[in-house]
Amino acid sequence: MTLATSIPESVVRSVNLDYLDPNDIDPAAWTTDPDTLVVQDAGEDLYLLRVATNR
C-alpha cells in the first residue's frame, strides 16, 4: 500500500508502507488511463462511510 500524504516519509515507511509525495501526483493525467479509477474526494467519502457504519 502506498500513502500520498503530508505525514513525514520516515513515519510512513516505519510502518512498512510505501510513500508518495502528494505534490508529485497529477490526478488529471491518471483519468486518461482506462485502467485507473480516480475518485475525487475519496477520503471524505471513506470518512462518511465510516461514520455511517459506526452508528
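For region 35-55, give me the residue count where each residue is part of a loop (DSSP other than H, G, I, E, B) and within 11 Å of the chain's Cα centre (by Cα).
Summing the residues that are part of a loop (DSSP other than H, G, I, E, B) and within 11 Å of the chain's Cα centre (by Cα) in region 35-55 gives 4.
For region 1-12, which positions are in contact with a helix residue (DSSP H, G or I) (Cβ under 6 Å, 6 or more places away or on another chain) and either in a loop (DSSP other than H, G, I, E, B) or among the small types (Gly, Ala, Ser) (or both)?
Ala4
Rundown of residues vs (1) surrounded by 10 or more Cβ atoms within 10 Å (Cβ to Cβ); (2) among the aliphatic types (A, V, I, L, M), yes/no style:
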residue	(1), (2)
Ile7	yes, yes
Arg13	yes, no
Asp33	no, no
Val38	yes, yes
Asp41	no, no
Leu46	yes, yes
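Just checking, does region 13-34 include any residue being touching a strand residue (DSSP E or B) at 6+ places or on another chain (Cβ under 8 Å), of a type outside the set (A, V, I, L, M), assigned to a loop (DSSP other than H, G, I, E, B) and at pLDDT 90 or above?
yes
Checking Val38 against (1) in contact with a Ser or Thr (Cβ under 7 Å, 6 or more places away or on another chain); (2) modelled with pLDDT of 85 or more, which single condition isn't satisfied?
Single failed check for Val38: (2).
The values are calculated or read from the model by the stated rules, or taken from the named source; none is laboratory data. These numbers come from a predicted model, not from an experiment. Every residue, glycine among them, receives a Cβ derived from its backbone with ideal geometry; neighbour counts consider all protein chains shown.
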